[in-house]
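Below you'll find the structure, written out as structure tokens, and then a few comments.
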Amino acid sequence: GKHFKLQRLLSMTADPSQNPWRFVRLDQYNRPSGTSRETVRKGISGLWLRLGWGTKTEESVFAEKELSQVPQELVDKAAPDPDWSAPLSAVTAVLDSWLDAKVPGSATQIFVGPPYHGTSEILTAWAQARSWRLVSAPSPEMILTGGQDWLTQFEEDDEPLVLPHLDHCYLRHYDGLTLLRRLLDHIISQSRRWLVGCDSWAWAYLTKALKVHTVFPTPFILEAFDHERLKIWFQKLAAASGEETFVFRQLDSGRYVLPPATGDEASGDRSQGSGIEPSGFLKNVAAYSRGIPGIAWALWRRSFGFVNTMEEDGEENDKEAQTAGDGSSVYPILVKPWSQLNLPGFPSQGASLGLLMVLHVLLIHGGLWSRILPELLPLSPMEIFEYLHLLEAY
């Protein structure tokens with residue numbers, strides 16, 4: 001596992017220009033919007049074609065012989081797996097007053113987030129940094145039998161607890177809510193501290209099914225990652241290895257997708273004024289991902305098209321990289337235009353009811369073991385197996 005120093009993490013500034021992580025109340029969450037050009041392209045692209053205005057893709061400013069596919073090793077260095085310990089200072093900023101409070105009703109706090117939001121990973125990292133006990137979720141079999149053995153762990157001492165996955169403590173089944181009801185009774189009746197994480201799909205379901213929002217205060221949620229926050233985060237990820245320097249430019253226009261962190265000279269760009277204005281690519285990433293970091297990260301990696309294998313002055317570089325002043329390799333990664341990105345989604349003719357049922361049950365439980373799905377759905381195991389493969393294909 002990764003090790004980190006608590007003092008360093010807790011001393012990080014909350015200034016978005018330095019640290020993009022910030023938590024807000026759930027009712028304050030606002031999704032980012034895309035570029036006006038993309039909105040128009042999606043809304044009336046058919047009309048444009050009928051009027052003859054066209055939607056022709058701009059030709060690449062890079063010669064084909066200069067380009068090579070980005071190898072997977074380079075993708076992993078340019079956009080490595082997120083470090084979910086990074087937002088710890090943001091968690092501490094909203095929990096300090098809660099930890100100091102002595103008033104009744106202050107024993108619980110909850111964070112929610114959509115899939116790939118990093119909520120459970122962030123709370124797990126916070127618990128490890130604070131040495132709070134982490135509570136593992138019960139198995140599906142325990143849930144369906146009431147989970148009494150699992151619940152006995154909460155009956156004795158009053159040590160503070162972190163439950164990263166409230167969404168894994170129930171099943172949408174006739175016998176699937178009993179354990180969670182009992183758990184909520186424990187939370188209400190005890191004075192111990194409970195820090196809880198929950199998937200937003202599960203939170204919406206449980207709010208209607210069990211009125212779970214009456215047990216907890218208004219949840220916190222990670223503020224949506226707009227294009228500015230994505231810019232900061234992606235630059236930090238690209239600089240994490242410390243061995244390579246990456247320059248990200250758009251394939252069709254040559255504009256920077258991320259502005260060079262060290263200026264034109266260090267990046268090897270000697271075009272002086274050509275394409276300095278950043279493209280609107282990150283705005284579209286933020287809008288499409290709804291500000292969810294994990295989804296934006298996956299789209300970012302998917303957008304890497306080519307590495308420019310030529311120097312800016314046209315001289316070939318056999319190592320497929322330029323050299324910075326400090327001796328490190330500078331890799332000019334060319335990002336596909338947003339309009340050419342192969343985005344995930346359902347087929348144009350729509351999805352069957354069975355497929356939507358499988359997708360919905362996966363979402364409201366934050367993912368499930370395939371073995372338990374036949375217990376929750378009015379579908380045969382073979383139908384479920386087929387729909388799972390279709391979802392993977394999309």
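Details
- Looking at F111, F62, just one residue is crowded, with 17+ Cβ neighbours inside 10 Å and modelled with pLDDT of 80 or more, and that residue is F111.
- Filter result for Q349 (at pLDDT below 55, over 22 Å from H117 (Cα atoms) and part of a loop (DSSP other than H, G, I, E, B)): no
- Hits in region 162-189 (condition: closer than 18 Å to A127 by Cβ and either modelled with pLDDT under 95 or among the small types (G, A, S) (or both)): I187
- Out of W98, W150, sole residue that is aromatic (F, W, Y) and within 28 Å of G291 (Cα to Cα): W98
- Residue identified as of a type in the set (G, A, S), over 21 Å from G367 (Cβ atoms) and in contact with a helix residue (DSSP H, G or I) (Cβ under 7 Å, 6 or more places away or on another chain) among S85, S131: S85
- Region 377-394 residues that are free of Cβ contacts under 8 Å to residues at least 40 places away in the same chain, paired with ones that are hydroxyl-bearing (S, T, Y) and surrounded by 15 or more Cβ atoms within 10 Å (Cβ to Cβ) (beta carbon under 9 Å, 6 or more apart): L379/Y387
- Residue within region 89-103 that is at pLDDT 90 or above, touching a helix residue (DSSP H, G or I) at 6+ places or on another chain (Cβ under 8 Å) and in a loop (DSSP other than H, G, I, E, B) present: no
- All positions within region 124-164 that are open to solvent by 60 Å² or more (accessible area, probe 1.4 Å) and outside any helix (DSSP H, G or I): S131, R133, L134, S136, T145, E155, E156, D157, D158, E159
- Selection of region 78-88 for residues being surrounded by 18 or more Cβ atoms within 10 Å (Cβ to Cβ) and more than 17 Å from A224 (Cα to Cα) yields A78, A79, S85.
- Residue check for M357: in a helix (DSSP H, G or I), at pLDDT 75 or above, touching a Leu at 6+ places or on another chain (Cβ under 7 Å) and not basic (K, R): yes
- Contact map, region 334-345: residues that are within 11 Å of G305 (Cβ to Cβ) paired with residues that are assigned to a loop (DSSP other than H, G, I, E, B) and hydroxyl-bearing (S, T, Y), Cβ distance under 6 Å, separation 6+ or inter-chain. Pairs shown: V335/S303; K336/S303; L341/S303.
- Taking region 280-308 as the range and being outside any helix (DSSP H, G or I) and either modelled with pLDDT under 60 or closer than 17 Å to A79 by Cβ (or both) as the test, the residues that pass are S289, I292, S303, F304, G305, F306, V307.
The values are calculated or read from the model by the stated rules, or taken from the named source; none is laboratory data. What you are looking at is a predicted structure, and each value in this text was computed from that prediction instead of being measured. Virtual Cβ from ideal backbone geometry, glycine too; neighbours counted across all protein chains shown. Ligands, DNA and RNA are excluded from the accessible area calculation, which covers all protein heavy atoms including side chains. Shrake-Rupley method; radii C 1.70, N 1.55, O 1.52, S 1.80 Å.
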